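Below is one structure, written out as structure tokens, with a few remarks after it.
The values are calculated or read from the model by the stated rules, or taken from the named source; none is laboratory data. Keep in mind it's a predicted model, so treat the numbers as computed, not measured. Counting neighbours? That spans all protein chains shown, and the Cβs are built from the backbone with ideal geometry, glycine included. For accessibility, only protein heavy atoms count, side chains too; no ligands or nucleic acids. Shrake-Rupley method; radii C 1.70, N 1.55, O 1.52, S 1.80 Å.
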Amino acid sequence: MHVIVVGGTGMLRDVSVYLTQKGCNVTVIARNQKRLNTLVEESGSVEGCIHPVQVDYRDDHLFIHQVEKAISTYGPIRMAVVWIHSTAPQAPYQLASLLNETTPSCDYFHVLGSSVADPSQQDGRRKKQFMQYPHIQYHEVILGFVVEKNGSRWLTNKEISQGVIRAIQSNQKQTVVGTVDPWSKKP
Ligand SMILES: NC(=O)c1ccc[n+]([C@@H]2O[C@H](COP(=O)([O-])OP(=O)(O)OC[C@H]3O[C@@H](n4cnc5c(N)ncnc54)[C@H](OP(=O)(O)O)[C@@H]3O)[C@@H](O)[C@H]2O)c1
């Protein structure tokens, strides 16, 4: 199965490795070639394989072109794990549109920062936009925080990857990694 992890060399690194161990062909998007190479070297798996794609997703045309190339080499993408900064606000939709056109069904795990859970910022526009893609099964993975005895802290990379893997395994529409409640306890 061909899957894509956008931002798969950072906090989602363990997700890239997990999907490889599951036997997937994993296209990983990031800019830093050295970190991509290290991921390939360290993810030695007999089953799947990492296909590193060095591109800046802020360059929408090049980003989509590179994903098209990966699709033509490894086949339709059946799962996407997507962590895209707000510096490229259209990129998540452009990717969804391409996947919608090229696959009969794709699970799209959209990893989102805590700010989407801010009660003063709630709006349904994002989910509505994804509803226009009938072949995309949209899943939200909201990164929260951890409340501890003496305060609160942000999630570690390990906790983030583990939470995203749980979201993939459970296939739920929405997963919160850590908590966003009560919002007032945010670090
Ligand atoms: N609620 C929370 O707890 C929460 C939420 C968000 C973040 N965090 C923490 O904050 C830390 C920093 O966040 P981060 O976003 O830097 O996470 P990161 O996952 O460590 O890095 C971002 C990933 O996206 C790639 N990337 C970034 N910009 C890109 C671009 N323009 N084009 C293509 N790929 C790009 C990076 O590779 P390249 O740099 O090689 O391109 C990397 O693979 C994380 O490690 C995490 O622990 C916590």
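Okay, here's what the table says:
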item	result
Cβ-based charge dipole, the chain, positive-most Cα from G163, V26, Q129	G163
Length-normalised contact order for the chain - Cα pairs under 8 Å, 6+ apart - percent	19 percent
HN-Hα J in Hz across region 84-94 - Karplus 6.51, -1.76, 1.60, θ = phi - 60°, x for Gly and Pro	10, 5, 5, 5, 10, x, 8, 4, x, 6, 5
Protein accessible area in the chain, 1.4 Å probe - carbon and sulfur %	48 percent
Where GluC sites (Glu not before Pro) fall in DSSP loop in region 1-100, at most 11 other Cβ within 10 Å	E47
Where Rh is the Kirkwood radius over Cα pairs, Rg/Rh for the chain	0.96
Neighbourhood net charge (12 Å Cβ-Cβ; Lys/Arg +1, Asp/Glu -1) for P89	+2
Of K149/K186; K34/K69; K34/K173; K34/K158; K158/K186; K69/K127, those spanning more than 25 Å from alpha-carbon to alpha-carbon	K34/K173; K69/K127
Solvent-accessible area per residue for region 2-139 (1.4 angstrom probe, square angstrom)	49 Å²
Dipole of the chain, positive end: most advanced residue of H65, F145, S105 [Cβ charges, Cα centre]	F145
Charged-residue dipole, Cβ positions (Lys, Arg, Asp, Glu), the chain about Cα centre, Debye nearest 20	360 debye
